[in-house]
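The structure under discussion is supplied below as structure tokens; questions concerning it will follow.
FYI, it's all coordinate maths here, none of it is from the lab. Fair warning: this is a prediction, and the values are worked out from it, not measured in the lab. Don't worry about glycine lacking a Cβ; one is built from the backbone with ideal geometry, like all the others, and counts go over all protein chains shown.
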Amino acid sequence: MRSDRGQSAPLGLKIAAAGGLLFLHLPIFLIFVYAFTTEEKSFVWPPPGLTTQWFAVTWNRPDVWAALSLSVRVAAISTIVALVLGTLCAAAVSRTRFFGRETISLLVILPIALPGIITGIALRSAFSLAEIPFSFWTIVLGHATFCVVVVYNNAVARFRRTSGSMIEASMDLGADGFQTFRHVVLPNIATALLAGGMLAFALSFDEVIVTTFTAGQQQTLPIWMLEELIRPRQRPVTNVVAMVVVLVTLLPILAAYYLTRDGDQIAGSGK
Amino acid sequence: MTIAALNSNPAPAILPGSGGMRGALSDLLWRKPSLLLLLMLLPPILWLGIVYIGSLFALLLQSFFSIDEFSGLINRQFTLKTYGDLLQAANLDIILRTVTMAALVTLASAVIAFPIAYYAARYARGRWKALFYLGVMLPLWSSYLVKIYAWKLILAKEGILTWLLAKLHLLWLLDGWLSLPIVGGNSVSVSFTGTFIVFVYVWLPFMILPVQAALERVPGNLVEASSDLGASPGQTFRNVLFPLALPGIVAGSIFTFSLTLGDYIIPQIIGTSRLFIGQAVYSQQGTAGNIPLAAAFTVVPIVIMGFYLWGAKRMGAFDAL
């Protein structure tokens, strides 16, 4: 029983917390305003006027579409690889105790615990030593490596909440391992995998640091944006693309949140 | 082989084995959990081991090569010469600058994160709690480049910050700050101040989450007991809350510190021409073509983070992750 229930926070704390959250959110909302500005050359604030013409201009830019398409394809393949590897790893680590278990969980986390530039340059120097030319697959190789951890984290959390006795019951009732996986394990972890997959997709879709090292001449959407930030060509188009990127990444995050939130009440969790 | 494995089991099964190839395989895996474990672990270990660890070793190996100053070719002979180059004054300067920035960013993130985390852990309930959680997760996950771009819009000379300060008649304050030697510059978007602000902004959510997790484990009656015993809010914070939140802060600092050490895009887009480690790595491997020196540079954050993680583990920060 908490005695502070209903008690309200000190005013100073409220202001500090609200201020912190505003600090986190205002800059992102500004992007939305800039996507409609009539100003072409500079970052003038407030916008002299509002227009939707830049959406049409952006729509007709083949380079934006090419970058978007590459990003989506890379993210899709990386997500699939990460789903397979992350789920296998999570199942092994959460079900049994074995020698080297800690090492495995460290191995999965390492690609995001170390700065991205290390992963990037390590892959690049390995490609050059092994004389692998840059391609679609070199990008996927890097992305899948750091996407595994997101799927792994989601799956491990769900495996821990799923009762092992359900698997035993299924086997006792005569199902073989594959049937048990298909009808008992998979339905239980499905939403966690979906959430992990969406986060992995968002992570890959947004990744820029590792990609700069593994992409060669190809442009994913973030690489395209980086180019525009360093050598701006048509600023309003960048504004529109930035807004689209925010929307494309936020939707899977929200979906993933709702999926894992409901997951707390999933069958077997309280047993 | 499958049959032999089944027969070698001394205790007779209560049920007969399942029929068919699939059934036999399923039985085998049920009886031999270690085989199942091996099959499950093999793909991820092969992938991460070859692609990731293999690459890291390739990188480490390259740092012991050197570059021929005349031909620009890489000399594949073991030498410590490249590490010697790392100790030149200009390079040490880069390392020192980056580590100082990482420390300052970590400190500022902890200060800003604490009230948010404390409010979310102790006062937010139900719908508000969910709102706070999303309020931290959305900026954490939203596009890294877009966030930097947004700050370019805010900090540029003709941007929002100047406009706001002009409205408040505080432009003299900004001009005064920008005229200072190290932190200043032509505008905030080309100064260390700008780099610092954007670093704090981008990594802040990584600090809030572990601090909130640590604070959530502090029982509310501990705070009340402290004030019942006559402690002022400040004393309660210093002697009760802060020590209990410290593992969370250290856990968060692993991210803020490590990410700042390695980043090269933020200081490139918002900052001065004086380099950070990440930028040095990028330019050494790219324009300069000196992969050994780039590799030696990346060893610096790896070593620093190695010590950092070791220290953090001793403080129990890993339980707060």
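What do you get for the angle between helix B:33-47 and the principal long axis of chain B? Use alpha-carbon atoms, 0 to 90 degrees, nearest ten.
Long axis of B:33-47 versus the principal axis of chain B: about 40 degrees.
Here is a further query. Let me have the 222 nm mean residue ellipticity of chain A computed from DSSP H runs of 4+ only, each contributing -39500 (n - 2.57), with the sum over all residues rounded to the nearest 500. Present the calculation step by step, with values, prior to reporting the outcome.
Values: 12 runs with 197 residues, N = 271.
Helix contribution divided over all residues of chain A: -24000 deg cm²/dmol.
Taking the radius of gyration and the Kirkwood hydrodynamic radius from Cα positions alone, what is the Rg/Rh ratio for the stretch B:118-180, to two decimal places?
A ratio of 1.19.
Whole number please: convex hull volume per residue, Cα atoms of the stretch A:50-173, in Å³.
211
Could you work out the mean count of beta carbons from other protein chains within 10 Å of each residue's beta carbon in A:8-21?
If you average over the peptide's residues, the count of other-chain Cβ atoms is 5.
Looking only at Cα atoms, what is the convex hull volume of the stretch B:109-253 per residue, in Å³? Walk me through the numbers on the way to the answer.
Working: hull volume 22.2 nm³, N = 145.
With only Cα atoms used, the stretch B:109-253 gives 153 Å³ per residue.
Also, I was wondering about something else. Report the semi-axes of the equivalent ellipsoid for the stretch B:197-274 in whole Å, largest first, where each axis is √(5λ) for an eigenvalue λ of the Cα gyration tensor.
On the way: eigenvalues 246, 31, 14 Å².
Over the Cα atoms of the stretch B:197-274, the ellipsoid semi-axes are 35, 12, 8 Å.
On average, how many beta carbons from a partner chain sit within 10 Å of the beta carbon of a residue in B:149-156?
6
Additional query: Over the Cα atoms of the stretch B:231-296, Rg to Rh with Kirkwood Rh, two decimal places?
Looking at the stretch B:231-296, the ratio lands at 1.30.
Express in nm, to one decimal, how much length is gained between B:Ile74 and B:Asp228 on full extension, taking 0.36 nm for each residue of separation and deducting their alpha carbon distance.
48.5 nm
Here is a further query. Using only Cα atoms, tell me the angle between helix B:126-141 and the longest principal axis of chain B; keep it within 0 to 90° and round to the nearest 10.
80
For chain A, which longest stretch is free of loop sites, where a loop site is one of the chymotrypsin sites (Phe, Trp or Tyr not before Pro) that DSSP puts outside H, G, I, E and B and that has at most 14 other Cβ atoms within 10 Å?
In chain A, the maximal stretch lacking such sites is A:100-271.
Loop-only trypsin sites (Lys or Arg not before Pro) in the stretch A:88-134, please: DSSP not H, G, I, E or B, and at most 15 other Cβ atoms within 10 Å. Could you put the intermediate results ahead of the total?
On the way: sites: A:Arg95, A:Arg97, A:Arg101, A:Arg124; in loops: A:Arg97.
Passing both the DSSP loop test and the Cβ count: A:Arg97.
At A:Glu227 and A:Ala76, where each label point lies 7 Å from the Cα along Cα→Cβ, what is the point-to-point distance in nanometres?
For A:Glu227 paired with A:Ala76, the spin-label model returns 2.2 nm.
So for the stretch A:4-111, Kirkwood radius off the Cα pairs, Stokes-Einstein at 4 °C and 1.567 mPa s: how many µm² s⁻¹?
65
Same structure, new question: Output the 0 to 90 degree angle, nearest 10, between the alpha-carbon long axis of helix A:186-206 and the longest principal axis computed from the alpha carbons of chain A.
30
Sticking with this structure for a sec: Specify the residue with the greatest mean-square fluctuation among B:Arg76, B:Arg127, B:Arg31, computed from a Gaussian network of chain B linking alpha-carbon atoms under 10 Å apart.
B:Arg31
How many angstrom lie between the Cα centre of the stretch A:47-109 and the Cα centre of the stretch B:109-131?
If you average the Cα positions of each part, the centres end up 29 Å apart.
Here's another thing I want to ask about it. How many Lys pairs in chain B lie less than 30 angstrom apart by Cα atoms, where the lysines are 8 or more positions apart or on different chains?
Lysine pairs, 8 or more places apart or on different chains, close enough: 6.
Further question on the same structure: When chain B is treated as a GNM, springs tying every alpha-carbon pair under 10 Å, which of B:Lys32, B:Lys152, B:Lys167 comes out with the largest mean-square fluctuation?
B:Lys32
If amide hydrogens are placed 1.01 Å from N in the peptide plane, which non-local residues have theirs closer than 5 Å to the one on A:Thr37?
A:Thr51
Same structure, new question: Looking at the stretch B:169-239, what % of the alpha carbon pairs are farther apart than 21 Å? Present the calculation step by step, with values, prior to reporting the outcome.
Details: 1408 of 2485 pairs.
Of the Cα pairs, 57 percent sit more than 21 Å apart.
I've got another one for you. Provide the per-residue ³J(HN,Hα) series for the stretch A:53-58, in order, calculated from phi with Karplus coefficients 6.51, -1.76, 1.60 and θ = phi - 60°, each as a whole number of Hz, with x at glycine and proline positions.
4, 5, 5, 5, 4, 5
Take peptides B:235-245, B:194-204, B:220-230 and line them up by average Cβ neighbours within 10 Å, highest first, as a rough protection proxy.
B:194-204, B:235-245, B:220-230
With r as the distance between the Cβ atoms of B:Leu35 and B:Lys313 and R0 = 30 Å, compute the FRET efficiency 1/(1 + (r/R0)^6) and round to 0.05.
Efficiency, from the Cβ-Cβ distance: 0.35.
Right, another one. Kindly identify the stretch B:33-191 as rounded, prolate or oblate by the Cα gyration tensor criterion: order the square roots of the eigenvalues as a ≥ b ≥ c, call it rounded if a/c is under 1.5, otherwise compare a/b with b/c, prolate if a/b is larger, else oblate.
Details: a/c = 2.81, a/b = 1.23, b/c = 2.28.
Oblate shape, in that a/c is at least 1.5 and b/c is the bigger or equal ratio.
Continuing with this model, one more query. Against the globular-protein guess of 2.2 N^0.38 Å, express the Cα radius of gyration of the stretch A:87-140 as a ratio, rounded to two decimals.
Relative to the 2.2 N^0.38 Å estimate, the stretch A:87-140 comes out at 1.48.
Let me ask something else. Could you give the nm distance between label points at B:Gln235 and B:Ala103, where each point is 7 Å from its Cα heading toward the beta carbon?
Output for this residue pair reads 3.2 nm.
In nm, to one decimal, how far is the modelled label at A:Tyr258 from the one at A:Trp65, with both set 7 Å along Cα→Cβ?
In this crude label model, A:Tyr258 to A:Trp65 measures out at 3.1 nm.
Please give me, ordered by residue number, the GluC sites (Glu not before Pro) of the stretch A:79-176 that lie in loop per DSSP and have at most 10 other Cβ atoms within 10 Å.
Counting only loop positions with at most 10 other Cβ atoms within 10 Å, the GluC sites (Glu not before Pro) in the stretch A:79-176 are A:Glu131.
With viscosity set to 1.002 mPa s at 20 °C, what whole-number translational diffusion coefficient in µm²/s follows for the stretch A:125-166 from Stokes-Einstein and a Kirkwood radius over Cα pairs?
Numbers: Rh = 12.9 Å.
Answer, rounded: 167 µm²/s.
Expressed in nm², what is the orientationally averaged projection area of the convex hull enclosing the Cα positions of the stretch A:125-218?
The directionally averaged projection comes out at 7.9 nm².
Here's another thing I want to ask about it. I'd like the per residue volume of the convex hull spanned by the Cα atoms of chain B, given in cubic angstrom.
Dividing the Cα hull volume of chain B by its residue count gives 275 Å³.
On to the next question. Can you give the translational diffusion coefficient of the stretch B:179-321 in µm²/s, computed by Stokes-Einstein from the Kirkwood radius over Cα pairs at 10 °C and 1.306 mPa s? Walk me through the intermediate numbers first.
Values: Rh = 17.7 Å.
So the translational diffusion coefficient is about 90 µm²/s.
While we're on this one: Residues of A:242-249, mean number of Cβ from any other protein chain within 10 Å of their own Cβ, rounded to a whole number? Before the final figure, lay out the partial values.
Details: counts 7, 1, 2, 6, 6, 2, 1, 6.
If you average over the peptide's residues, the count of other-chain Cβ atoms is 4.
Test of understanding: in a Gaussian network model of chain B with alpha carbons linked when under 10 Å, which of B:Leu61, B:Leu42, B:Leu174 would top the mean-square fluctuation ranking?
Top of the fluctuation ranking is B:Leu42.
Give me the distance between the Cα centres of the stretch A:130-145 and the stretch B:31-82, rounded to whole Å.
Spelled out, the Cα-based centre of one part sits 15 Å from the other.
Ok, one more. Cα atoms only: what Rg and Dmax, in Å, come out for the protein assembly as shown?
26.3, 89
Follow-up. Run the helix sum for chain B: -39,500 (n - 2.57) per DSSP H stretch of 4+ residues, divided by residue count, reported at 222 nm to the nearest 500 deg cm²/dmol. Walk me through the numbers on the way to the answer.
Numbers: 17 runs with 224 residues, N = 321.
Using -39500 (n - 2.57) per qualifying helix, the result is -22000 deg cm²/dmol.
Please express the Cα-Cα pair-distance distribution P(r) of the stretch A:149-271 as a list of whole percents, one per 5 Å bin, running from 0 to the bin with the greatest distance.
P(r) over the stretch A:149-271, rounded to whole percents: 2, 10, 15, 15, 13, 11, 9, 8, 7, 5, 3, 2, 1, 0.
If each residue of separation counts as 0.36 nm, what is the full-extension length gain between A:Phe178 and A:Phe134 once their alpha-carbon separation is subtracted? Present the calculation step by step, with values, prior to reporting the outcome.
Details: separation 44, 0.36 × 44 = 15.84 nm, distance 3.86 nm.
Full extension from A:Phe178 to A:Phe134 adds 12.0 nm.
Give me A:Thr52, B:Thr256, B:Thr298, A:Thr180 sorted ascending by neighbouring Cβ count inside 10 Å, so fewest comes first.
A:Thr52, A:Thr180, B:Thr256, B:Thr298
Report, in debye and to the nearest 20, how large the dipole of chain A comes out about its Cα centre when Lys and Arg carry +1 and Asp and Glu carry -1 on their Cβ.
Dipole about the Cα centre, nearest 20: 460 debye.
Hey, another quick one. Give me the extension gain from B:Leu25 to B:Leu168: residue separation times 0.36 nm, minus the current Cα-Cα distance, reported in nm with one decimal.
Value of the extension gain: 44.0 nm.
Still on this structure: For chain A, how big is Rg over Rh, using alpha carbon atoms and the Kirkwood form of Rh?
Ratio of gyration radius to Kirkwood radius: 1.05.
What dipole magnitude, in Debye to the nearest 20, does the protein assembly as shown give about its Cα centre under +1 on Lys/Arg Cβ and -1 on Asp/Glu Cβ? Can you show the working numbers first?
Values: 38 positive and 27 negative charges, 186 e Å.
So the dipole magnitude of the protein assembly as shown works out to roughly 900 debye.
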